[in-house]
Each structure stands twice: as structure tokens, then as C-alpha cells.
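Here is the structure we will look at, set down as C-alpha cells.
The values are calculated or read from the model by the stated rules, or taken from the named source; none is laboratory data. All values reported here derive from a predicted model rather than from experimental measurement. Neighbour counts are summed over all protein chains in view; Cβ atoms, including those assigned to glycine, are modelled from backbone coordinates with ideal geometry.
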Amino acid sequence: NAGVTQTPKFRVLKTGQSMTLLCAQDMNHEYMYWYRQDPGMGLRLIHYSVGEGTTAKGEVPDGYNVSRLKKQNFLLGLESAAPSQTSVYFCASRQGSNTNTEAFFGQGTRLTVV
Amino acid sequence: RKEVEQDPGPFNVPEGATVAFNCTYSNSASQSFFWYRQDCRKEPKLLMSVYSSGNEDGRFTAQLNRASQYISLLIRDSKLSDSATYLCAVSHNTDKLIFGTGTRLQVFP
């Protein structure tokens, strides 16, 4: 049982390049989330999804886009990477039956934009 | 102002000490509350949910104060292995899950 898997684990981008981070979960969870974590800032919510085909903005959505075409996958896109997007990105998923359910995280993607 | 706030610490305590962390939240529609633990360069993992009546899991006690909009985590008899960052998280009816900045705990011998 893999849980939540993020791809890739590390990446270096040049300013202006684009990339897509993939999050896959095998627990049939309804809710999925993308966060970024920077020193002293905790986890900040970028975008989230409460079901296949739906997405919503979080606390820091600018510069990112997301898609949830399949229930098990949640993609995070950077169209034109900037150095300010250097961060550790975490994906999480949780059951959708109520709000009091545990979120499971992937191992993170370390992205550096130069 | 962040929706969920924590004292970043670090809290440096000796083994065996009792330490408490608070976390305040600003959205009164918040429904569910959690404490997560994050080890260095690892993903966060659920430590415990926080229930209205308060709850305990071994050395860990969590409390919720809806009137003042804060949750707390008490760790008794601290162990070296408790050294980590503790993140509080809040969920409300939009199904967002918002985290605080985290509080770093360092337990020394």
C-alpha cells in the first residue's frame, strides 16, 4: 500500500521554465491538497480539491495551477517558474466523509528555481 | 495575519519536563482540529485529533477552547525522541485544511 506518492522528489528549474508535480493516492480519498513549506512559514495551502473535477484556491495560489481529472491524481503546475517558488512541496489526501479525518502526506518534492 | 498561528519556538526542555504549546485560529467556522508532528526533512504525520472535551494519548493531552479560539498540546515526561516540529491544523466546512507555522521542540539530556 503506497499511500500518497509524489513525483518527482527533487527538481532544479531555470527561471521561466514550466513543470508539473504529480500526486497520486491509492486510498480512494475524496480530498487532496497541495502545500508549500518554507523556513519559518509552516505549511501554506496552495490549492485543494474536494473531488474529481473540482479545485479551489488556498492561501497562496498565485503562480500555480492544478487539475484533478482522476480521483487518484492531483497535479500541480508551474507555468513560468520563479525563484520565489523555490520550496518543498507536499501533497496530502484525506477521506471526504467528514472534516475530522486524518490527512496523509507524500514525502515531498524539493524544488529549486535558479 | 495567518488564519492559524503558533509560537515558532524553539522550546528547549530537559528530558522529563512538561511542555505545552498553544495554537490560535481566527475562523470561528472551524470544525476540526489536529496536531501533527514533523521530523526534520520528513512529511508531517498525525499526532492526534483534538476533540471538544479534550483528549489524551499516553503522555500527550490535547485541549480545545472554542470561546477563545485556541487549541493546546501538553507533553508530559518529555523524551529525546519527542524532538520535532509540532504543527496544528484546522479544518472548516469548506474542507480546507489550514496549518500553523509549527512549533519546534528540542529535548536535551
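Within the stretch B:65-94, the set of residues being of a type in the set (A, V, I, L, M, F, W, C) and buried (at least 18 other Cβ atoms within 10 Å of the Cβ) comprises B:ILE71, B:LEU73, B:ILE75, B:ALA84, B:LEU87, B:CYS88, B:ALA89, B:VAL90.
When you look at A:GLN25, is it buried (at least 16 other Cβ atoms within 10 Å of the Cβ) and under 22 Å from B:CYS40 (Cα atoms), yes or no?
no
Just checking, does the stretch B:2-9 include any residue being within 12 Å of chain A (Cβ to nearest Cβ) and basic (Lys, Arg)? Yes, because at least one residue in the stretch B:2-9 is within 12 Å of chain A (Cβ to nearest Cβ) and basic (Lys, Arg).
Within the stretch A:65-106, the set of residues being within 11 Å of chain B (Cβ to nearest Cβ), at pLDDT 95 or above and surrounded by fewer than 15 Cβ atoms within 10 Å (Cβ to Cβ) is empty.
Residue pairs whose Cβ atoms lie under 8 Å apart, separated by 6 or more positions or on different chains, with the first residue in the stretch B:53-76 and touching a residue at least 12 places away in the same chain (Cβ under 8 Å) and more than 22 Å from B:SER26 (Cα to Cα) and the second β-branched (Val, Ile, Thr) and assigned to a strand (DSSP E or B), are B:ARG59/B:ILE75; B:PHE60/B:ILE75; B:ILE75/B:VAL19; B:ARG76/B:THR61. I'd like to know if the stretch B:68-81 contains one or more residues that are within 23 Å of A:ALA92 (Cβ to Cβ) and within 11 Å of chain A (Cβ to nearest Cβ). Taking every residue of the stretch B:68-81 in turn, none turns out to be within 23 Å of A:ALA92 (Cβ to Cβ) and within 11 Å of chain A (Cβ to nearest Cβ). Say whether the condition of being surrounded by 13 or more Cβ atoms within 10 Å (Cβ to Cβ), within 25 Å of A:THR109 (Cα to Cα) and in contact with a Lys or Arg (Cβ under 7 Å, 6 or more places away or on another chain) is met by at least one residue in the stretch B:47-63. The answer is yes; a qualifying residue exists. The residues of the stretch A:24-50 that are away from every other protein chain (no Cβ under 12 Å) and touching a Gly at 6+ places or on another chain (Cβ under 9 Å), listed by number, are A:ALA24, A:GLN25, A:ASP26, A:MET27.
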